Structure formats: structure tokens, C-alpha cells
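The structure appears below as C-alpha cells.
The values are calculated or read from the model by the stated rules, or taken from the named source; none is laboratory data. Remember, it's a predicted structure, so these values are computed and weren't measured experimentally. Glycine gets a Cβ as well: all are built from the backbone with ideal geometry, and neighbour counts include every protein chain shown.
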């Protein structure tokens, strides 16, 4: 998953009295479609920064905001504690401002962006597409879902889910997929055999599955190219 040829940079996002860092990665071509990357409950760690860098290498302008105020968890116990400290309203405000900053960036092409959410970040990705339907046209979910009443957006959806996942209910995922389709949203959800939660993240050696991660990445890039072109 590593991409040693490209490194992004940190920038500041300010919204009202809130301030957050974000990892910005620009394509070598200088311009490209925008993609917001929302981290899991570990925080804005190297896995997520690397996702933004890989998106830039694929031709996108990627921005990954920090919703944890600099905290990074390395254990499940820490992650549970940090996610419990989150202010949902503040996180949503930061995401909204990050969307505006991304769209306003000189390198970002087009009036709409995509958003990728990992686990906890997937919930916020679904919410962002619901709250900003005119600006978010593509949503990619990695082993995470959103509220069913937030499915009435204008986006297309791609989901990557683990076949053996104690954190996500398979029936709920199927219900969300059906609800999206009933609302006229182009939706494709994939289930990856013999995988568990966090199968895309190399920093979780207990869960990382290179084959599934590579396939999910190929599908993600193709989906974003098709929906953001």
C-alpha cells in the first residue's frame, strides 16, 4: 500500500472557533478532481495520509481532515476513548469547511467532489453527502455505514465490507444498500471473503488483507474516475 514517491503536506482548516489540521495531497499534473478522506477511529494516522497520497498519485486532489484534534490511537482501548471524546457537531463543521476548502483550491477541478470514509469516517461520509448534496457526487465506504434516513443524497455509492465483521451488522448494511437504491442512488456494495474490520489498513496486521485491499483500491479509483470525470 505504500507510496514512497509522493508525500502530501499539512494545512490548517478554520471554521468559526474551531481549528483542525488536514493532510493535502496534490497530483503531479497540478489539477484533478477533489476527494475528501475521512479517517477511522484511530485518527489521522499514516494509513490515512497514505490514502490521500495514493489518490494524488492517481490524479486526484485529496484532503484528509483531522477530526480528533491531533490524537492518534494505536489500541482499540485508546480508539474507544478518543471516539467517545468526539464532538459530532464540531466534526461535521470541520468536514463542511474542508469540503469548501477543497472545492476552492486552485488545483481542484469541477464543482463536485467525492468522499471516502473509513469505519467511523464512513458514518460522517454518508452524513456529508446528505448535508451537501449539491457538492458531493461520489461516496466510498470502507467497513462503515450511516443512518438510513441520510440516504436521500445526489451521490453514487461504492461500499467495501468485510465478510466477518463484529462491528457492522450485515442485515443493516443490506438494508442501507436497498434504501439507497430505492432512493435512485447508483449503489454497489462489495463483501470481501475471509476478511475482518480494518482489512484495508496496513497498520492493523491482525486484520490487513493485501489481496482484498488491492482489489478494493482498484475498484475505488475506477469508481472515482467514472463519477468525478
**Prompt:** Residue check: is residue 129 free of Cβ contacts under 8 Å to residues at least 40 places away in the same chain, part of a loop (DSSP other than H, G, I, E, B), under 16 Å from the mean Cα position of the chain (by Cα) and closer than 22 Å to residue 62 by Cα?
**Reply:** no
**Asked** Would you pick out the residues in segment 107-126 that are touching a residue at least 40 places away in the same chain (Cβ under 8 Å) and outside any helix (DSSP H, G or I)?
**Response** 107, 108, 109, 110, 112, 113, 114, 115, 116, 117, 118, 119
**Item:** Qualifying residues in segment 29-56 (those that are out of contact with any strand residue (DSSP E or B) (no Cβ under 8 Å at 6 or more places or on another chain) and modelled with pLDDT of 95 or more) - the one nearest to residue 156 (Cα to Cα)
**Value:** 54
**Prompt:** Could you count how many residues in segment 13-28 are out of contact with any strand residue (DSSP E or B) (no Cβ under 9 Å at 6 or more places or on another chain) and outside any strand (DSSP E or B)?
**Reply:** 3
**Message:** residue 84 - would you say it is modelled with pLDDT under 95, surrounded by fewer than 17 Cβ atoms within 10 Å (Cβ to Cβ) and part of a helix (DSSP H, G or I)?
**Reply:** yes
